[in-house]
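To start, the structure itself, in structure tokens.
The values are calculated or read from the model by the stated rules, or taken from the named source; none is laboratory data. No experiment lies behind these values; they were computed from the predicted model shown. FYI the Cβ positions are ideal-geometry reconstructions off the backbone, even for glycines, and counts take in every protein chain you see.
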Amino acid sequence: MSSFPPRASVAAAFSSTSLAEPFDETQPIKRNEVTLRLGQNWLRDADLFLVQTGGLVPWLGRGLHGHVATVARWGVDWFVLETRPGGGRAVPLDAFLRRNRRRVDVFRPNPDGRWPEYRPEKCVAFLRRAVSARYGWNGVCSAALARLPWIRLLCFDDYFNDGDVSPHREPPPFHDATSELTPTCERERLDEIWRFDRELRRRASLHCAEARALADRYAGVDSVPFLNDRFVEPADLARSPFYRYQFTFAPLS
């Protein structure tokens, strides 16, 4: 992992390039467009990418964003994990920005450490396995229909039920067999993988915002409380106090 510049140096870099520092929550967000070379030096594992796609999804969600992705470092390279129609994928950061042709806003989870229980490495680990899931068209349709008042009355309990991940879980079947042979850290890693796979089998499909909300929950924090993960939209993540806007990647030529 490379070291990241302290907050003061980041602010100095913004001021030196005539960009406003986006950390004052009392002021409206001013989007600071940066180049790929500059922006990738400020990225961290599990940073949230919200793509300004335009179209029906942002309009229904009353926001600017229509797609959700997550950035993660593999070796010395940054990759983007995303769930999309046609199947999930992990693509290099530069390829992701060239294919989208839209502005990509970068949000930082838990920027001030207000949620010390949050584990970004668990968020990334879940999303790496979630790229194998089918795209959740049912969840997209459910979120759209839930905007209609009479339809929402029919699924009221399901809509506001955010208990998707039970804190009481049964131990995986291999614990007893490997307890004497496997180190504790390895057993914990296998436990997490077992939980991820069990959840992915139970859900069968995920849409992009649902995958990120579920990954945050497995990482220790409900980023959109009082809302079922299946109904989470990109605009819900953008408005969540768990995230803070950092900067925007301009479209690449």
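Tabulated values for the structure
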| quantity | calculated |
| --- | --- |
| Scope region 206-239; condition closer than 20 Å to residue 125 by Cβ and touching a strand residue (DSSP E or B) at 6+ places or on another chain (Cβ under 6 Å); matching residues | 208, 209, 212 |
| Complete set of residues in region 92-118 that are at pLDDT 90 or above, over 18 Å from residue 77 (Cα atoms) and exposed (fewer than 15 other Cβ atoms within 10 Å of the Cβ) | 112, 113, 114, 116, 117 |
